[in-house]
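Comments concern the structure below.
Read-outs throughout are calculated quantities, based only on the coordinates presented, and are distinct from any laboratory measurement. Bear in mind the structure is a predicted one, so any value in this text is a computation, not a measurement. Note: ideal-geometry Cβ built from the backbone for every residue, glycine included; neighbour counts use all protein chains shown.
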Ligand SMILES: C[S@@+](CC[C@H](N)C(=O)[O-])C[C@H]1O[C@@H](n2cnc3c(N)ncnc32)[C@H](O)[C@@H]1O
């Protein structure tokens, strides 16, 4: 279902509508996870039977699971933004919003990769800085990592996940945290420097290099323990 096209201006949550009135509201108390999938496919021509060959789409699926779900529940107030920088039409950013989510057809790797595939299909003909809704709570934009994080840096609390960052236990989180991390590949040094220049605070969840999805669970847990929305 494709219901409209949005064009970005400089404010991420104040998009200008082109075809249909559906402005993205600014929502306080929101947790935003920004995953950079460096080899993740930016077009839908990948096989659900070979997720490993699709830039390790199974890692993206694990991140979505840990961001949106906990036992028998969907979290409220969570958005996952996945930037796909791999072939064949980069960049593409898929955003999944927990509060308006319809059925994803399950939360196994294949089902979630299927949702991404549908989103990328809906976004095939987007021009730069355009966005379209693909499914309930699922949007796809032709938008780069740099453009996305620049908007978050202008909003406030903004963290980049790094093993050598500030210990998460020494940090008092802001209510609406935005957290950036990479998939199985490290963030390019240039992007690391860009994030720091934008004011992102490096954040560590511990001494071991973990899977990105494990970092999400730990960040959620810390925010839950601090009693943040
Ligand atoms: C699987 S790791 C990337 C591994 C990659 N080979 C590297 O050396 O960066 C995925 C991402 O999770 C985050 N991450 C992993 N362990 C972390 C830790 N202990 N503290 C903070 N972030 C971590 C980082 O953003 C990292 O880029």
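Among residues of region 86-105 being under 13 Å from the mean Cα position of the chain (by Cα) and not in a helix (DSSP H, G or I), the one that is surrounded by the fewest Cβ atoms within 10 Å (Cβ to Cβ) is 97.
If a residue must be under 19 Å from residue 80 (Cβ atoms) and either in a strand (DSSP E or B) or more than 9 Å from the ligand (Cβ to nearest atom) (or both), how many such residues does region 175-196 contain?
Residues flagged as under 19 Å from residue 80 (Cβ atoms) and either in a strand (DSSP E or B) or more than 9 Å from the ligand (Cβ to nearest atom) (or both) within region 175-196 amount to 10.
Restricting 149, 83 to residues that are touching a residue at least 24 places away in the same chain (Cβ under 8 Å), in a strand (DSSP E or B) and more than 21 Å from residue 50 (Cβ to Cβ) narrows the list to 83. Residues that are touching a strand residue (DSSP E or B) at 6+ places or on another chain (Cβ under 7 Å) and not in a loop (DSSP other than H, G, I, E, B) were ranked within region 197-207; the one that is nearest to residue 151 (Cα to Cα) is 201. Only a single item in (1) touching a strand residue (DSSP E or B) at 6+ places or on another chain (Cβ under 6 Å); (2) more than 24 Å from residue 100 (Cα to Cα) is not met by residue 145, and it is number (2). Condition first: away from the ligand (no atom under 14 Å from the Cβ), surrounded by 15 or more Cβ atoms within 10 Å (Cβ to Cβ) and part of a loop (DSSP other than H, G, I, E, B). Now tell me which residues in region 209-229 satisfy that. The one that is away from the ligand (no atom under 14 Å from the Cβ), surrounded by 15 or more Cβ atoms within 10 Å (Cβ to Cβ) and part of a loop (DSSP other than H, G, I, E, B): 228.
Of the residues making up region 179-208, those that are surrounded by 17 or more Cβ atoms within 10 Å (Cβ to Cβ), within 20 Å of residue 62 (Cβ to Cβ) and under 18 Å from the mean Cα position of the chain (by Cα) are 179, 180, 181, 182, 183, 187, 203. Scanning region 106-143 for residues that are over 13 Å from the mean Cα position of the chain (by Cα), buried (at least 22 other Cβ atoms within 10 Å of the Cβ) and part of a loop (DSSP other than H, G, I, E, B) yields a total of 2.
The sole residue among 199, 165, 206 that is on the phi > 0 side of the Ramachandran plot and within 13 Å of the ligand (Cβ to nearest atom) is 206.
For region 67-85, a residue qualifies if it is farther than 22 Å from residue 191 by Cα and surrounded by 22 or more Cβ atoms within 10 Å (Cβ to Cβ), and the qualifying residues are 67, 68. Listed by first and then second residue, the pairs linking a residue in region 207-225 that is within 18 Å of residue 182 (Cβ to Cβ) and free of Cβ contacts under 8 Å to residues at least 24 places away in the same chain to a residue that is assigned to a helix (DSSP H, G or I) and within 12 Å of the ligand (Cβ to nearest atom), with Cβ atoms under 8 Å apart and 6 or more places separating them unless they lie on different chains, are 210/218.
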